[in-house]
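The values are calculated or read from the model by the stated rules, or taken from the named source; none is laboratory data. On a predicted model such as this, the values are computed, not experimentally measured, just so you know. Positions of Cβ are generated from backbone atoms using ideal geometry, with glycine treated the same way; all protein chains shown enter the neighbour counts.
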Amino acid sequence: MKQEELKVIIENHGKWLRDEDGGIRANLSGCDLSGCDLHGSDLSGSDLRGSDLSGCDLSGCDLSGCDLSGCYLRGSDLSGCDLRESDLRESDLRGIKEDFFKILSTSIPEIEDLKLALIESRVNGSTYTGECCCLIGTIANIRHCDYKNIENDSNRPAERWFLAINETCSVKHPVVAITLEWIEEFKKMNNL
């Protein structure tokens, strides 16, 4: 889909959200939106089932209440993205999950504390340092070391996934809930 077409759909969706004349709920199900710039858009309540969102800039996007089931999200920027009550079932998250498992495999002693940090809303995916920080930052805090002493790359899929988490996210937040499920799956696979 061309960026110009997408802009019109987003504008009409905004009218729909505000109950204005000419408003139409965004139905982007099955669309190829790969590489599109959606940053800061309000697509809350839209239908994105089965869409290819790979490589999209979704930073600051409001996707709360969206149907994202079956979406492909590889390489998407989720920083500051509101995913509350979004449906991510059946979304293609394999690349993110595989990368997360690679990180967990080098951080086995920290897994339980990482899980606790997620449960207690002590994660902020947008920063490497502080009490609430990203995946690698949280692991560094648990190890009591500088995050620079751990292999880190803000562009790796797991870190980009954590960008959607901030300290206000509860275990009901879809990214937190899925991440906690992955931790349990990893533990079971590795008899931990």
Among the residues listed as Arg25, Arg84, the single one being charged (D, E, K, R) and out of contact with any helix residue (DSSP H, G or I) (no Cβ under 6 Å at 6 or more places or on another chain) = Arg84
task = State which residue pairs qualify: first residue among the aliphatic types (A, V, I, L, M) and inside the range 97-108, second residue crowded, with 18+ Cβ neighbours inside 10 Å and modelled with pLDDT under 95 in any location, beta carbons under 7 Å apart, and separation of 6 or more residues or different chains.
result = Ile103/Leu135; Ile103/Ala158
ask   = Residue check: is Ile165 more than 16 Å from the chain's Cα centre (by Cα), touching a residue at least 40 places away in the same chain (Cβ under 8 Å), crowded, with 17+ Cβ neighbours inside 10 Å and not assigned by TED's automatic domain parsing to the domain that holds Arg49?
value = no
query = Which of (1) under 13 Å from the mean Cα position of the chain (by Cα); (2) surrounded by fewer than 14 Cβ atoms within 10 Å (Cβ to Cβ); (3) not polar (S, T, N, Q) is the odd one out, the single condition Asp153 does not satisfy?
reply = (1)
ask   = Are any residues in the range 78-97 surrounded by fewer than 21 Cβ atoms within 10 Å (Cβ to Cβ), at pLDDT 75 or above and closer than 18 Å to Ser154 by Cβ, and if so, which ones?
value = Gly95
message = Going by what's in this entry, would Ile111 be described as in contact with a helix residue (DSSP H, G or I) (Cβ under 7 Å, 6 or more places away or on another chain), at pLDDT 95 or above and of a type in the set (A, V, I, L, M)?
response = yes
task = Quick one: which residue in Gly55, Gly35, Gly75 is farther than 17 Å from Arg156 by Cβ, of a type in the set (Gly, Ala, Ser) and in a loop (DSSP other than H, G, I, E, B)?
result = Gly35
